[in-house]
Amino acid sequence: MTVIGTVPKTGDAIRTRIAPAPSGDLHVGNVRTALYSWAFARQHGGRFILRVEDTDASRATEDAYVAVQEILHWAGLDWDEGPGVGGPYAPYRQSERREVYDAAVAQLEAADRVYRCWCTPEEITARTSGKGKAPGYDGFCRRLSYDQKAGHVGDPYVLRFPMPPGATTWHDLVAGDITVAHDQIPDFAITRSGGAPLYVLAAAVDDLAMRLTHVVRGNDLTSATPRQMALYAALGADEADWPVFAHLPQVTGDDGKPLSKRNGEVSLRWYRDNGFLASAMLNYLALLGWSLAPDRDVFSVEEMVAAFDLATVTKNPARFDVKKLEAINGEKIRALSEPALAAQVRPFLEAAGLDVPAGLLEAAIPLVQTRMARLTEAVDLLTFLFVDEEDFVVVDHEQLVAEVLAQLDAAYAALEEIGEWTHTAIEACLRTALVDELGLKRRVAFGPVRIAITGRRQSPPLFESLELLGRERSLARLADALAEIRGY
Ligand code: GLU
């Protein structure tokens, strides 16, 4: 017997897919799967397909269907076939493909490869739970007599598929050779009561119908593979037309358990909304199981596509490390052009209710570009510049009061006299007034001015900030701070 999947499939015929179930936000683990599938297809000039697995009507929502597409677009994982773009095997939404599954079910019934099962979940649990009992369905209805079956006419049933005798061995591109003995697999349901297809059937039928050459997915689905291969065979598909499988290791949280809401943030949308760049997310997700080179953590998606190879994906679980993601995000932020960074930052400032006039943000970008690990930090750093005067609050107020009144007095007096309002002139003026004349150490000399002007102890470079804010607003803020301290 040849091992399934050992004959390599290459070239522009390569077809990969991501098959999300739209029941909520797309999980970063799914996005890594999508990225690997996409990069593999792109590298070979093949096609990447989005198939939406929404057969579970109790969980799938229209909002999630739209959101999945939106967030994949944001990430830049464009699909060649699927919702919105169509393709030769449309529709790509499983809820619109019922007749395809019904035809497959009819074929399996006609070939006598499935049987009706009338057991309720409670009956199955009662018979199979307890020490020493094999888990899963026990084949009860397979053994019913003709008369017993006749007694069920009209009752709701599911269809079950009994595995043929033997074993399945396949060469998994990531996990290596895997063998599963069929007697380990209980007769599994392929439809719900009422006839709607279950995942195991719908995915198998579609992977054949859509001529997928490679199925890349999480190894939580490894156990579905021998079942789906048995379905391919039962549906009469030629082994050469079966996809090759690559099961990826799990993404875990800090505790080593699969990444979930309990041990981390899981939705790609959360990362987008919290100031991560798509390029940083793809770069970081690529590293969860793969590396470009031992000493290269930061790379572009084009570099990844050129070098990606499923065969070099690790078998070991990959730990999701937000600190590392932030470090990569900071690097990607620093590598952006100033206009590009301004465009990324603007929506966050506007979402914070700030009015961002054209020009001022672009001028402020060089002051903050090296100080951010997330785009959202621009809001804290730059609020002082965009806030209306009546809304301006000194966030670090206690600190302000504690600093020396004389420093602000001296700064005010000196700045009032200044000729031209440029950061170099401002710097020279404040150095003379505070360091030379008041004898303050450089490290502490400008703290109170910084807080009075920006409201915070941490800010963009002070002198440039003063310049951008302008003479009038700067002096007014110093005056306000002085008045406030005097009245304290
Ligand atoms: N729909 C499945 C999921 O969202 C993936 C199915 C597959 O990749 O075969 O987990």
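The values are calculated or read from the model by the stated rules, or taken from the named source; none is laboratory data. Everything numeric in this text was worked out from a predicted model, so none of it was measured. With ideal geometry, Cβ positions are generated from the backbone for all residues, glycine too; neighbour counts draw on all protein chains shown. Note: areas computed on protein heavy atoms with side chains; ligands, DNA, RNA excluded. Shrake-Rupley method; radii C 1.70, N 1.55, O 1.52, S 1.80 Å.
Among the residues of segment 133-144, which ones are over 41 Å from the mean Cα position of the chain (by Cα) and either touching a residue at least 12 places away in the same chain (Cβ under 8 Å) or open to solvent by 70 Å² or more (accessible area, probe 1.4 Å) (or both)?
Quick first cut of segment 133-144, residues over 41 Å from the mean Cα position of the chain (by Cα) only: 140-144.
Phe140, Cys141, Arg142, Arg143, listed by residue number.
Can you pull out every residue in segment 286-306 that is free of Cβ contacts under 8 Å to residues at least 12 places away in the same chain and in contact with a Leu (Cβ under 8 Å, 6 or more places away or on another chain)? The answer is Glu303, and nothing else.
The single condition among (1) in a loop (DSSP other than H, G, I, E, B); (2) under 29 Å from the mean Cα position of the chain (by Cα) that Gly194 does not meet is (2).
Name the single residue that is surrounded by the fewest Cβ atoms within 10 Å (Cβ to Cβ) among those in segment 247-276 being among the hydrophobic types (A, V, I, L, M, F, W, C) and under 27 Å from Arg346 (Cβ atoms). So the residue we want is Trp270.
Whenever a residue of segment 63-84 is within 12 Å of Gly24 (Cα to Cα), its partners that are open to solvent by 30 Å² or more (accessible area, probe 1.4 Å) and at pLDDT below 95, lying with C-beta atoms within less than 6 angstrom and at least six residues away or across chains, give the pairs Ala64/Ser23; Ala64/Gly24.
Yes or no, residue by residue, for (1) open to solvent by 60 Å² or more (accessible area, probe 1.4 Å); (2) at pLDDT below 95:
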| site | (1), (2) |
| --- | --- |
| Leu108 | no, no |
| Val114 | no, no |
| Pro121 | yes, yes |
| Lys131 | yes, yes |
| Tyr146 | yes, no |
| Val158 | no, no |
| Pro162 | no, no |
| Gly176 | no, no |
| Pro186 | no, no |
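Run down Tyr137, Tyr65, Tyr89 and say which single residue is in contact with a Cys (Cβ under 8 Å, 6 or more places away or on another chain) and among the hydroxyl-bearing types (Ser, Thr, Tyr). Working first, answer last.
On the way: Tyr65 fails: in contact with a Cys (Cβ under 8 Å, 6 or more places away or on another chain); Tyr89 fails: in contact with a Cys (Cβ under 8 Å, 6 or more places away or on another chain).
After ruling out the rest, the residue left standing is Tyr137.
Screening Asn283 on (1) within 29 Å of Ala318 (Cα to Cα); (2) touching a residue at least 24 places away in the same chain (Cβ under 8 Å); (3) within 16 Å of the ligand (Cβ to nearest atom); (4) not hydrophobic (A, V, I, L, M, F, W, C) shows it passes everything except condition (3).
One residue stands out in segment 60-75 among those that are closer than 28 Å to Ser193 by Cα and in a helix (DSSP H, G or I): the one that is least open to solvent (accessible area, probe 1.4 Å), namely Ala64. Scanning segment 404-424 for residues that are touching a residue at least 24 places away in the same chain (Cβ under 8 Å) and small (Gly, Ala, Ser), we see that the one that is nearest to Ala476 (Cα to Cα) is Ala411. Within segment 344-372, restricting attention to residues that are touching a Leu at 6+ places or on another chain (Cβ under 9 Å) and small (Gly, Ala, Ser), the residue that is most open to solvent (accessible area, probe 1.4 Å) is Ala363. Could we say that Ile18 is over 14 Å from the mean Cα position of the chain (by Cα) and either of a type outside the set (D, E, K, R) or more than 13 Å from the ligand (Cβ to nearest atom) (or both) here? Here the answer is no, as Ile18 does not meet what is asked.
Exactly one residue out of Asp54, Asp78 is at pLDDT 95 or above, in a loop (DSSP other than H, G, I, E, B) and farther than 22 Å from Leu221 by Cα: that is Asp78.
The numbered conditions (1) of a type outside the set (A, V, I, L, M, F, W, C); (2) within 12 Å of the ligand (Cβ to nearest atom); (3) surrounded by fewer than 22 Cβ atoms within 10 Å (Cβ to Cβ) are all true for Gln94 except (3). Among the residues of segment 325-333, are any open to solvent by 80 Å² or more (accessible area, probe 1.4 Å), at pLDDT 95 or above and in a helix (DSSP H, G or I)? Checked against the condition, which is being open to solvent by 80 Å² or more (accessible area, probe 1.4 Å), at pLDDT 95 or above and in a helix (DSSP H, G or I), segment 325-333 yields at least one hit. Tyr36 satisfies every condition listed in (1) in contact with a helix residue (DSSP H, G or I) (Cβ under 9 Å, 6 or more places away or on another chain); (2) over 21 Å from Val313 (Cβ atoms) except (2).
When residues in segment 204-241 are screened for being more than 13 Å from the ligand (Cβ to nearest atom), of a type in the set (D, E, K, R) and either in a loop (DSSP other than H, G, I, E, B) or open to solvent by less than 50 Å² (accessible area, probe 1.4 Å) (or both), 2 of them pass.
Would you check if Ala75 is within 16 Å of the ligand (Cβ to nearest atom) and either among the aliphatic types (A, V, I, L, M) or touching a Phe, Trp or Tyr at 6+ places or on another chain (Cβ under 9 Å) (or both)? Before the answer, list the steps.
Values: within 16 Å of the ligand (Cβ to nearest atom): no; either among the aliphatic types (A, V, I, L, M) or touching a Phe, Trp or Tyr at 6+ places or on another chain (Cβ under 9 Å) (or both): yes.
Against the criterion (within 16 Å of the ligand (Cβ to nearest atom) and either among the aliphatic types (A, V, I, L, M) or touching a Phe, Trp or Tyr at 6+ places or on another chain (Cβ under 9 Å) (or both)), Ala75 does not qualify.
Is at least one residue of segment 305-313 assigned to a helix (DSSP H, G or I) and of a type in the set (Val, Ile, Thr)? If you could, list the steps in order and put the result at the bottom.
Quick first cut of segment 305-313, residues assigned to a helix (DSSP H, G or I) only: 305-307, 310-312.
Imposing the further condition that a residue be of a type in the set (Val, Ile, Thr) reduces the set to 305, 312.
Yes, there is a match, as at least one residue in segment 305-313 is assigned to a helix (DSSP H, G or I) and of a type in the set (Val, Ile, Thr).
Can you name the residue in segment 22-59 that is open to solvent by 60 Å² or more (accessible area, probe 1.4 Å) and within 11 Å of the ligand (Cβ to nearest atom) and, of all such residues, is farthest from Ala240 (Cα to Cα)? The residue in question is Arg59.
Within segment 286-298, being assigned to a loop (DSSP other than H, G, I, E, B) and in contact with a helix residue (DSSP H, G or I) (Cβ under 6 Å, 6 or more places away or on another chain) holds for Leu288, Leu292, Val298.
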